[in-house]
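**Q** I have a structure here, written as structure tokens, and I will follow up with some questions on it.
The values are calculated or read from the model by the stated rules, or taken from the named source; none is laboratory data. Predicted model only: the values in this text are computed from it and were never measured. Here Cβ is always computed from backbone atoms with ideal geometry, including for glycine, and neighbour counts include all displayed protein chains. When the accessible area is computed, the model is the full protein with side chains, heavy atoms only, and any ligands, DNA or RNA have been set aside. Shrake-Rupley method; radii C 1.70, N 1.55, O 1.52, S 1.80 Å.
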Amino acid sequence: MSPTSLQTDEFTALSHILDNRWTCRQFKSDRVPRDTIEALLRLAQRTPSWCNTQPWQVVLTEDAGTDRFRKELLEHVAIAEPEPDFAFPAQYAGAYRDRRRACGLQLYDSVGIVKGDQAGTMRQAMRNFELFDAPHVAIVTTEADLGVYGAIDCGLYIGTFLLAAQSLGLGAAPQAALASYSPFLHTYFDLPENRRVVAAISFGYPDPDHPVNTFRTAREDLDQVATWHSD
């Protein structure tokens with residue numbers, strides 16, 4: 001992937017984690033030991049942030065706590081309208097639409113959902129709120145006064161969380177879907193008014209045999225995302 005001179009042990013280890021990380025959409029029921037989760041959180045805590053503000057706070061579920069949350073979340077989603085703390089994208093156009101569509105087609109194809117199957121598409125969308133059967137979920141929030149920069153820092157935290165999970169043999173699924181029902185999350189977890197929900201992460205041990213976990217998304221070549229100015 002890169003010249004041999006760049007392949008230090010650290011480079012090789014990070015490349016391996018990045019190349020092999022993927023979004024898990026079907027988990028085993030086995031709970032993750034608390035010490036493993038704490039190791040994950042300690043790694044994620046090393047995330048850099050604006051002026052070292054570390055604006056993230058995380059609420060985590062386990063055991064019966066996950067089951068109860070999953071049940072009540074599904075009941076709420078069935079009767080409520082989305083109301084996220086942060087506005088969702090106004091539209092997906094151009095390359096963003098194409099990449100999103102390609103990912104969706106891979107997902108639907110993996111579970112046998114054909115074009116036009118609206119019922120199948122809805123069932124798959126609802127899997128978000130079933131947490132893909134994960135034994136744990138993390139709700140990531142930021143400090144309201146820090147605005148967009150707090151949210152950006154939390155995005156970095158989520159990225160580190162995902163890489164840490166991969167390094168520990170865990171699967172993880174970052175989910176904006178849960179953040180679309182932020183008022184419910186505020187009430188359910190008694191989140192203070194000054195907190196804003198950024199996203200959730202379902203995590204646990206992946207089910208490698210489930211077809212939904214078999215596809216991998218592509219990444220653009222550098223010439224599509226990087227512009228050089230040398231003069």
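**Q** Take segment 108-186, compute every pairwise Cα distance, and split them into 10 Å bins from 0; I just need the percent in each bin.
**A** 15, 37, 32, 15, 1
**Q** Got a number for carbon plus sulfur as a percent of the chain's accessible area, 1.4 Å probe? List each step's numbers first, then the result.
**A** Details: 7480 of 14040 Å².
Summing carbon and sulfur atoms, their accessible area is 53 percent of the total for the chain.
**Q** Loop-only check: which GluC sites (Glu not before Pro) in segment 74-154 are DSSP coil with at most 16 other Cβ within 10 angstrom?
**A** Here the sparse-neighbourhood loop sites are 130.
**Q** In percent, how large is the relative contact order of the chain, given Cα pairs closer than 8 Å and 6 or more residues apart?
**A** Answer for the chain is 36 percent.
**Q** List the trypsin sites (Lys or Arg not before Pro) in segment 100-166 that DSSP assigns to loop (not H, G, I, E or B) and whose Cβ has at most 12 other Cβ atoms within 10 Å. Which are they?
**A** On the way: sites: 100, 101, 115, 123, 127; in loops: 115, 127.
Here the trypsin sites (Lys or Arg not before Pro) that fit, given the DSSP loop and packing criteria, are 115.
**Q** Right, next: Leaving out ligands and nucleic acids, note down the accessible area per residue over segment 55-158 with a 1.4 angstrom probe, in whole Å².
**A** The answer is 59 Å² per residue.
**Q** What ranking, highest mean first, results for peptides 146-158, 62-74 when packing means the other Cβ atoms within 10 Å averaged over each residue?
**A** 146-158, 62-74
**Q** Ok, one more. Report, in whole Å, the centroid distance computed from the Cα atoms of segment 30-52 and segment 98-176.
**A** Segment 30-52 and segment 98-176 have Cα centres spaced 18 Å from each other.
**Q** Convex hull over the Cα atoms of segment 1-77, averaged projected area in nm²?
**A** Projected area, direction-averaged: 8.7 nm².
**Q** Ok, one more. Given the C-alpha atoms of segment 6-152, compute the convex hull and give its volume per residue in Å³. Each step should come with its number before you reach the end.
**A** Details: hull volume 28.6 nm³, N = 147.
About 195 Å³ per residue, rounded to a whole number.
**Q** May I pose another question? So between residue 123 and residue 13, what do we pick up on full extension, going 0.36 nm a residue minus the alpha carbon distance? Before the final figure, lay out each step's value.
**A** Numbers: separation 110, 0.36 × 110 = 39.60 nm, distance 3.73 nm.
That works out to 35.9 nm of additional length.
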